[in-house]
Every structure is written in C-alpha cells, then in structure tokens.
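Here is the structure we will look at.
Read-outs throughout are calculated quantities, based only on the coordinates presented, and are distinct from any laboratory measurement. Computed from a prediction, not measured in an experiment: that's the story for all the values here. Heads up, the Cβs are rebuilt from the backbone with ideal geometry, glycines too, and the neighbour counts pull from every protein chain shown.
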Amino acid sequence: MGELISDALSIINNAERLSKEEAVIKRINKLLKKIIKLLNGKGYVGEYESIDDGRGGILKIKLLNKINKIGAIRPRFPCKVEEIEDYEKQYLPAAGFGIIIISTQKGLITHEEAKNKNLGGTLIAYCY
C-alpha cells in the first residue's frame, strides 16, 4: 500500500515538472484520496475527480503548478509531537514553507496542525 502512495505522488511530481494541467492516477485507495483532499484544501492542487472503473479507481487531479516537490515518506516513521521540528528540517526546505502530512488518531493533518493540537502520529508525505 505504501508504494501506491509513493507511485501516485511521483506521478503528480512528474506532471508538475512537465507543467501538465492534469495528473491521472490509475490505482487509488482511501488514504490517497484523503491526501489529495488535504493538498486541495491547502491550495497545492486544484479540483479532483474520483472515477470508479471497477478495478480500483482512477483519480484525475487538476494541477495548479504550485508544487516544487512532493513525495511519500518511507518508511513511515512514528513521530512524537516533540520530534516534528526535526522532521521539518529533514523534509522541508525552510521553516514555514511546505507541509508534512501526518496520520493521527484524529485523521490526516499537517505538521502545523499536529503541533497546535499537541498530537503525534505517523509521517505519510511531504509537499512544498
């Protein structure tokens, strides 16, 4: 399942670098949909559409050319709230620039929300 997320984020990253208007992901799951919903809410991607093709689904995502780099964090490290800053330095180019997506017991949230809510979790992906 982790490779599915890596593959999908690589498709988005490559499409962004080629200045394409849309990325099409052919294998999707619930976690990937939640990641895309979060990226949409933060303004990194535009509208997206999930199409049931009877095999696993297709996700069409409008790109806004706002992503410099996006990727999955593998292996998925467990992360305490005190450690979030260390991972920020590792995965993001500068403080306050980009997001790390963390899976917590309250759902998928950004690293900033996790710090504000004092929640730890599992690192899923980064985007800036």
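For residue 20, the lysines whose Cα comes closer than 28 Å to its Cα, not counting residues fewer than 8 places off in the same chain, are 30, 33, 34, 37, 42, 60, 62, 66, 69.
What list do you get for 97, 77 if you sort them by fewest beta carbons within 10 Å?
97, 77
Normalising the Debye intensity of region 2-63 to I(0), with uniform scatterers on Cα atoms only, and taking log10 at q = 0.13, 0.18, 0.20 Å⁻¹ returns -0.29, -0.57, -0.71. With the charge dipole of region 1-111 set up from +1 on Lys and Arg Cβ and -1 on Asp and Glu Cβ about the Cα centre, the Cα lying farthest toward the positive end among the listed residues 25, 93, 56 is that of 56.
Can you pull a Stokes-Einstein diffusion coefficient for region 73-127 at 10 °C (1.306 mPa s), Rh from Kirkwood over Cα pairs, as a whole number of µm²/s?
148 µm²/s
Neighbours of residue 16 by Cβ distance under 10 Å: Lys/Arg scored +1, Asp/Glu scored -1, total +4.
A simple charge model with +1 on the Cβ of Lys and Arg, -1 on the Cβ of Asp and Glu and nothing else charged puts the dipole of region 2-63 at about 180 debye relative to its Cα centre.
The charge dipole of the chain, taken about the Cα centre with unit charges on the Cβ atoms of Lys, Arg (+1) and Asp, Glu (-1), comes to about 200 debye, rounded to the nearest 20. Across the chain, Cα-Cα pairs more than 20 Å apart make up 41 percent of the total. The alpha-carbon of residue 89 sits under 16 angstrom from the alpha-carbons of these aspartates and glutamates, leaving out residues fewer than 8 places away in its chain: 112.
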